[in-house]
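Take a look at the structure below.
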Amino acid sequence: MNKRSKLDFSGQPIYIGLDVHKKSWSVSIFTQHGEYKTFSQPPEAEILSQYLRHHFPGAQYRSVYEAGYCGFWIHDELKDKGIQNIVANPADIPTRDKERRTKRDQVDCRKLARGLRGDEIQGIYTPPRWKLEDRSLTRTRLSMGRKQARCKNQIKSMLLFYGVVIPERREMGHWSRRFIRWIEGIRMERASGDLALQIHLEELCHMRQILAKLNRAILALARTEQYRSWVSLLKTIPGISTLTAMILLTELYEITRFRSVDELCSYIGLIPDTQSTSEKEHVGGMTQRHNSQLRWLLIEASWIAVRKDPVMMEAYQEYCKRMRKTKAIIKIARKLLNRIRYVLKNQAEYVTGVIE
């Protein structure tokens, strides 16, 4: 009888650390008692699954890799192969000083496997594919908006460089069609200058068309069964538009995964950096760990809420009496986030005075 056929690891956990790359994966396998093997393989979940079932038949396979460029498709494929996988935040991986100074793929995957075996690594939330694709749409909209703003700034900088004074009339201030036609009528001294300005204007026109297309797509998505009711609920909160609601829904995914508003604020990054010892405590600015899409969005929405909601305006004015405006608006953003959490968690419209 083949010796290999007598192997039986039923019920025994096998821990796999993966350092994933485009052309290969570095794999480190640990048992309960120590390291078994570290090697490289082609970037395919099927090959790893065959190896594990051949060498550790019947075992419970547990794997981990760091979140990064590859997204979650590896996670989905590993789960389909019967491997219990988690995706970890790279900043939260326990790392020794020696590992930090001698960073290599083999070191990284061993570190992951060891941390998984010691139950020192917690996985991040991994949304389904359809939610990720919806998020890609809203993130593309935000990215194109930033590119359009950059294009506008380039045009204004060019005009300023050549001493062209931009009219201060209101119709000229918000990049209306009349304002753009006025820029198109500007003539430089040479054809080269005219062409440079024309290229910038063509880029701006192209960006406006792209944004219009994305806005229509997001509006159509907001009317689908998955989002329609949630968007309607969120829009009852002053300061929340359809676009803002869609970004919130595609970034937060499920509000129930946050146990408290403080945990939600921590995820978004509306908390300060703190350093404390037994005698001293230093509170700095906003934490570096944050969701860049949501923190920016909530601060922008808070400025709108302050103008539209008398309750928010009153709170903002009180905050401004004892702190700078930039800090006061962060307080308003936390209050706005508390409203958002209440509406989503209770599936109820926002009513002034119910939650602040």
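With a requirement of 3 or more residues that are among the basic types (Lys, Arg), the helices (runs of 4 or more DSSP H) lying completely within the range 1-117 that satisfy it span 97-101, 105-117.
Considered as a group, the residues in the range 288-333 that are surrounded by 17 or more Cβ atoms within 10 Å (Cβ to Cβ) and among the small types (Gly, Ala, Ser) include one that is farthest from Arg135 (Cα to Cα), and that residue is Ala315.
Residues Ile218, Ile183, Ile155, Ile240: which one is crowded, with 17+ Cβ neighbours inside 10 Å and modelled with pLDDT under 95?
Answer to the selection: Ile183.
In the set Met188, Met158, only one residue is farther than 30 Å from Phe72 by Cβ and outside any helix (DSSP H, G or I); that residue is Met188.
From the list Leu160, Leu142, the lone residue that is farther than 23 Å from Glu225 by Cβ and modelled with pLDDT of 95 or more is Leu142. Tallying residues that are among the acidic types (Asp, Glu) and closer than 16 Å to Ser157 by Cβ within the range 173-231 yields 1. Put simply, of Pro42, Pro57, Pro13 the only residue that is in contact with a Lys or Arg (Cβ under 9 Å, 6 or more places away or on another chain), exposed (fewer than 15 other Cβ atoms within 10 Å of the Cβ), farther than 16 Å from Asp105 by Cα and not basic (Lys, Arg) is Pro57. In this entry, Asp108 passes the filter for residues that are surrounded by 14 or more Cβ atoms within 10 Å (Cβ to Cβ) and among the charged types (D, E, K, R). Screening Leu344, Leu270, Leu336 for residues that are closer than 21 Å to Ile124 by Cβ, modelled with pLDDT of 95 or more and buried (at least 16 other Cβ atoms within 10 Å of the Cβ) leaves exactly one candidate, Leu344. Within the range 195-207, which residues are surrounded by 15 or more Cβ atoms within 10 Å (Cβ to Cβ) and closer than 14 Å to Ser176 by Cα? Once the filter is applied, which keeps residues that are surrounded by 15 or more Cβ atoms within 10 Å (Cβ to Cβ) and closer than 14 Å to Ser176 by Cα, the range 195-207 yields Leu201, Leu204. Residue count for the range 58-113, restricted to those that are at pLDDT below 95, out of contact with any Asp or Glu (no Cβ under 6 Å at 6 or more places or on another chain) and of a type in the set (D, E, K, R): 9.
Considering the range 228-237, the residues that are touching a residue at least 60 places away in the same chain (Cβ under 8 Å) and in a loop (DSSP other than H, G, I, E, B) include one that is surrounded by the fewest Cβ atoms within 10 Å (Cβ to Cβ), namely Thr236.
Evaluation of Arg135 against the conditions (1) free of Cβ contacts under 8 Å to residues at least 12 places away in the same chain; (2) in contact with a Ser or Thr (Cβ under 9 Å, 6 or more places away or on another chain); (3) not assigned by TED's automatic domain parsing to the domain that holds Ile47 shows that the sole unmet condition is (1).
I'd like to check something: does the range 191-214 contain any residue that is part of a loop (DSSP other than H, G, I, E, B), outside the structural domain of Thr250 (by TED's automatic domain parsing) and more than 32 Å from the chain's Cα centre (by Cα)?
No, every residue in the range 191-214 fails to be part of a loop (DSSP other than H, G, I, E, B), outside the structural domain of Thr250 (by TED's automatic domain parsing) and more than 32 Å from the chain's Cα centre (by Cα).
The values are calculated or read from the model by the stated rules, or taken from the named source; none is laboratory data. Remember, it's a predicted structure, so these values are computed and weren't measured experimentally. Cβ sites come from the backbone with ideal geometry, for glycine too, and all protein chains shown count toward neighbours.
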